[in-house]
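What follows is a set of notes on a single structure, which appears directly below.
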There are 2 protein chains.
Amino acid sequence: MLKRYLPILTWLPHYNRRLGAADLLAGFIVTVMVIPQSLAYAVLAGLPAVVGLYASLLPALAYALLGTSRTLAVGPVAIIALMTGAALSGVATPGTNEYLQAALVLSLLSGAILIIMGLLRMGFVANFLSHPVIGGFLSASGILIAASQIGHLLGIELAARELLPRLAELVQNFPQLHLPTLAIGLGSLLFLLLMRQFGRASLRRLGLSGQLADLLTRAGPVFAVLVTTLATWHWGLEQRGVTVIGDIPQGLPPLTLPGFDATLWQALLVPALLISIVGFVESVSMGQMLAARRRERISPNQELLALGGTNLAAAFTAGMPVSGGLTRTVINHDAGAQTPLAGLFAMFGIGAVTLFLTPALHYLPIATLAATITVSIITLIDVPMIRQTWRYSRSDFSAMALTILLTLVEGVEAGILGGVTLSIGLFLYRTSRPHSALVGRISGTEHFRNVERHDTETASHLALLRIDESLYFANARYLEDTVYDLVATRPELEHVVLICSAVNLIDASALESLDAINARLNDSRVMLHLAEVKGPVMDQLKRSDFLDDMTGRVFLSSYAAWRELSRPPE
Amino acid sequence: MLKRYLPILTWLPHYNRRLGAADLLAGFIVTVMVIPQSLAYAVLAGLPAVVGLYASLLPALAYALLGTSRTLAVGPVAIIALMTGAALSGVATPGTNEYLQAALVLSLLSGAILIIMGLLRMGFVANFLSHPVIGGFLSASGILIAASQIGHLLGIELAARELLPRLAELVQNFPQLHLPTLAIGLGSLLFLLLMRQFGRASLRRLGLSGQLADLLTRAGPVFAVLVTTLATWHWGLEQRGVTVIGDIPQGLPPLTLPGFDATLWQALLVPALLISIVGFVESVSMGQMLAARRRERISPNQELLALGGTNLAAAFTAGMPVSGGLTRTVINHDAGAQTPLAGLFAMFGIGAVTLFLTPALHYLPIATLAATITVSIITLIDVPMIRQTWRYSRSDFSAMALTILLTLVEGVEAGILGGVTLSIGLFLYRTSRPHSALVGRISGTEHFRNVERHDTETASHLALLRIDESLYFANARYLEDTVYDLVATRPELEHVVLICSAVNLIDASALESLDAINARLNDSRVMLHLAEVKGPVMDQLKRSDFLDDMTGRVFLSSYAAWRELSRPPE
């Protein structure tokens, strides 16, 4: 029982020196790698850069205790930072104390929501975010994040938050273009893109091992940060107008207590819910993918508790909403992390930086962070996936398209909610007009197939109608129409057999419709039969009077119905 | 084309004297019978009684032109009147001019919504009101209507509109009990109940024909109105405190133009939508039932246009929202109506009453109308249906129970919306955890059945997994879990065959999951096969790369897979 809620107890007793060495190395690498990212995502959320560091400390401890994935690394992530920024700027002005406070409340609420969902074992809720909706949302978010960074890259101040006004402002304020910032921003961007595209191959060509080449390629942002920080310091670029991070308070995060303010809590409830679900979906699918590679499993419901715990930890240590991050997890995994202790070692590393090295970050240009963010989110924009979805299913594509459009125009919340609503609506619409097929016997076999697709035997007084959907309220009337049309067009009919091999449910409304169909067919002297009714459906039908009232019989198979009801050919 | 939108053109050319005589008689009977009802439902909606007469005039003409049912009679009905009262009292005070104006706007909006739905052929939307939700809603509405009349029956003035406060007020104000009103109210109520229960049998015992006995039984409300009106006039009961209808303006309804007021329209939009849908569902199911008896069909989408037209007609002639009414339709049908012309004859009859006989209604006691309403709504409270639903399905029952509870406590709108939301949610939840079964061969046959329910042949290296649900985003991950658990518990597995006879849809999310399952099984050296994939599903799969990547094959039948993959028993 305790092990279920504290997975650390399952692996810590077996910990040994070999694992320790691997985790220590991974922890060190992660420390160096994720610092630029953590700072950048805090800035993306409109928060002071140091909040990104704070949010990488205690939350990492919480995940090490509670998480079921061996290699997932938690902290600030791009999408959640974007959503956090959108939510907070609705209730406070960036740069104010209210804004900081609201970030704590948002973390607290997300944490509480995740924990409640975990205790209620409601991990399944995440399934309602379909792949196309999530994919569309991530792509659109990528564009939104890129647009939010473009001002920082060019040294142009932009006030508007929405995509289109922001782009309009960009064009209008273009004369403000600041050349030194542009040099740093676009220079870093170009360097990072080149590293990403050609770094690994070039380094290998220089004779480095694959692993080291990988590592150095991934360290691109660290180089960019070092070089541009040194350059800014050396040439005094801050005085020439390059925006830098500036003074970061030195020391461990303060303990914070999110205040209670009913209006604020209410305003942040929906954003917190969406942040929780999106963070959970992203984190769990990443965790599952990595666990599968190692033949391990993670427990989605425990992950809810673990992510809840990390967000509560963030709320009480001046942080921001956190989740499992793709970049940091991949770095951690590839650096050879064996257990969540790697995350703890990284925590100590980042803690040391926060304690001693923040003055060194003073001259770090915001433009460099913007370049880091922009490059890391490019992978979110997944054009091949959009094209595949278009090819596979117009209905899935339309849910995706709506998600993208709403996210870009109306913001992240409208995007997710609209996409989920449309995909549920389309599913319901589809099931409300179920496919059904008249089937006939494939000569000489016991198989029955659609008369329109296959060459089959049929009998004019017998209709075998296969229903390709569960029967429930939304399609009950449609079933009635189908049967009545059938009877109206074939006056010689004597038997209608409903083949229920694909009927997984008959609800009370559908039962009423079956009753009505039975009575109506009886008036026309046509008998109603059922075939291939599944066990659970049959059990339920027996709890009603329908089977007693039905004019015909229930056959085990379509073949049995055929044998009994089709006259031998004369 | 014109005939499709004006069904009158299909039957009027064939009209003859025999039909005319039948329709004329039915029209006369309906005129007499529905007057008390029309007055009563207007009062139930908080409107002046005469509005009920107005709403029985031009709307009837509109339905005669546009409707596809031969016998449906439109006018004010109990449920719609209750919903109208609830909607209007949210925006205006009964008795004021604003309240009357709001009634016109509500009719206009319902009319417009119905016509838009009709033009978009959206009749299917009504299917989302499941039987249990509609049943629960009608039962709860019956209770609400009875509670709304109890004050009128006892002569106690009640101000509260909600059920519990109203009952509390009733207890508190009980000393105001007005004996003459009580005598009229309870007397009428008792008379009507006895007529309903024993009227037909007693009259037949007196030697009347069955048809005449039916007619006189149904005329109970007319007798009650005549007797109590005469008594009130004769004994001057109005001066002794019995509330009567009072002066009714004589003459045809004025032409009215519903005013445009953005706030009011917005406030009435959701109520109008619900009134439209509930009215449509009730009206169409009644129309279908009666059409079926005569081997005719009605067109739901044309009925939307027809009901839309009747509500617009009501909006422009000082009326209230209308719909097909159960009582008036049954009277019309049983009185022998052959075509919608019967409705037109009744319209002239009611028109004549409005022109000349309204002074005679002055002394009609409100208590009599309350008794009429109470008796006519008793049938709405359908306890056997509630019990059957409980027995058949807990899930359907819970949607019904929520609808009843919310309708009683929070009102009609909350009741419907809550019930629909819960029933959709339960359906989604159910499909998100689909039933699946390992199947085995029933020896000597080509049939495959659940290994847990039947005695079957199986092979340890082969798993035949039948999926009993369409595969879509909500259950894609659940499918993955099911297959992974299967593989984890059976290390000797070499082949997994997914039997898709009940899979009517594989959406993009499920396709991703199948891809993931295929890759994961491949890692464990297990091959993935499909069997019994339906035509439309196969067509769609061919538009993706999945079939190329799949390690195994697609079999036409489970038996083909079994023959190929199961080794012959040694």
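The values are calculated or read from the model by the stated rules, or taken from the named source; none is laboratory data. Everything quoted here is computed from the prediction, not taken from an experiment. Using ideal geometry, Cβ is built from the backbone for each residue, glycine included, and neighbour counts are taken over all protein chains shown. Heads up: the accessible areas ignore ligands, DNA and RNA and are worked out on the full protein's heavy atoms, side chains in. Shrake-Rupley method; radii C 1.70, N 1.55, O 1.52, S 1.80 Å.
How high is the relative contact order of the range B:162-282, in percent, counting Cα pairs under 8 Å that sit 6 or more residues apart?
24
Taking only Cα atoms of the protein assembly as shown, what ratio of Rg to Rh do you get with Rh as the Kirkwood inverse-distance radius?
Result: Rg/Rh = 1.05.
Find how many whole Å separate the alpha carbon centroid of the range B:315-370 from the alpha carbon centroid of the range A:143-211.
75
Among B:W265, A:P59, A:I248, whose Cα projects farthest towards the positive end of the dipole of the protein assembly as shown, with charges put on the beta-carbon of Lys, Arg (+1) and Asp, Glu (-1)?
Towards the positive end, the residue furthest out is A:P59.
Percent relative contact order of chain A, based on C-alpha pairs within less than 8 angstrom and at least six residues apart?
Computed over chain A, the figure is 23 percent.
Counting only other chains, and only Cβ atoms inside 10 Å, what mean value do you get across the residues of A:235-246?
Counting Cβ atoms of other protein chains within 10 Å of each residue's Cβ and averaging gives 0.
Relative to the compact-globule scaling 2.2 N^0.38 Å, provide the ratio for the alpha-carbon radius of gyration of chain B.
Relative to the 2.2 N^0.38 Å estimate, chain B comes out at 1.23.
For A:K534, which aspartates and glutamates qualify as cross-link partners when the Cα separation must be under 15 Å and same-chain residues fewer than eight apart are set aside?
Partners within reach: A:D468, A:E469, A:D507, B:E452, B:D468, B:E469.
Which percent of the accessible heavy-atom area of the range B:436-565 goes to carbon and sulfur, probe 1.4 angstrom?
Carbon plus sulfur share of accessible area: 43 percent.
Rounded to the nearest 20 Debye, what is the dipole magnitude of the protein assembly as shown about its Cα centre when Lys and Arg each give +1 and Asp and Glu each give -1 at the C-beta?
Dipole about the Cα centre, nearest 20: 1020 debye.
What are the label-to-label distances in nm, one decimal and shortest first, from B:L417 to the same spot in the other copies, with labels 7 Å along Cα to Cβ?
Inter-copy label distances (nm, one decimal, shortest first): 1.3.
Around A:E457, which amide H atoms from residues at least 5 apart in sequence, or from another chain, sit under 5 Å from its own amide H, with H modelled in the peptide plane?
A:R441, A:I442, A:S443
Once the label point is placed 7 Å from Cα along Cβ, list for B:L206 the distances to the corresponding points in the other copies, in nm, shortest first.
Listed shortest first, these distances are 11.2 nm.
Separation of the range A:525-551 and the range B:74-114 by C-alpha centroid, Å?
44
Note down the relative contact order for the range A:169-239 as a percent, whole number, built from C-alpha pairs under 8 angstrom at least six residues apart.
30
Taking the Cα centre of chain A as the origin, how large is its charge dipole in debye, to the nearest 20, when only Lys and Arg (+1) and Asp and Glu (-1) carry charge on their Cβ atoms?
Charge dipole of chain A: 2020 debye, to the nearest 20.
Size of the dipole of the range A:436-565 about the Cα centre, Lys and Arg at +1 and Asp and Glu at -1 on the beta carbon, nothing else charged, in debye to 20?
With only Lys, Arg, Asp and Glu charged at Cβ, the dipole is about 260 debye.
Quick one: of the DSSP bridges fully inside the protein assembly as shown, what percent are antiparallel, nearest 5?
Of the beta bridges lying entirely in the protein assembly as shown, close to 45 percent run antiparallel.
Listed highest first by mean packing, meaning other Cβ atoms within 10 Å per residue, what order do A:77-88, A:402-413 come in?
By packing density, highest mean first, the sequence is A:77-88, A:402-413.
Work out the mean other chain Cβ neighbour count within 10 Å for the residues of A:467-478 and drop it here as an integer.
6
Provide a whole-number value for the mean count of partner chain Cβ atoms within 10 Å of the Cβ atoms in peptide B:257-263.
0
Would you work out which of B:G411, B:S501, B:L426 lies farthest towards the positive end of the dipole of chain B? Charges go on Cβ: Lys and Arg +1, Asp and Glu -1.
B:G411
Per residue, how much accessible surface does chain B expose to a 1.4 Å probe? Answer in Å², no decimals.
That works out to 42 Å² per residue.
Considering only the label points, 7 Å along Cα→Cβ from Cα, what distances in nm to one decimal separate A:S460 from the same position in each other copy, shortest first?
Shortest to longest, the spacings are 5.7 nm.
Would you pull out the residues with amide H under 5 Å of B:V554's amide H, same chain only if 5 or more places away, H placed 1.01 Å from N?
Long-range HN contacts for B:V554: B:L530.
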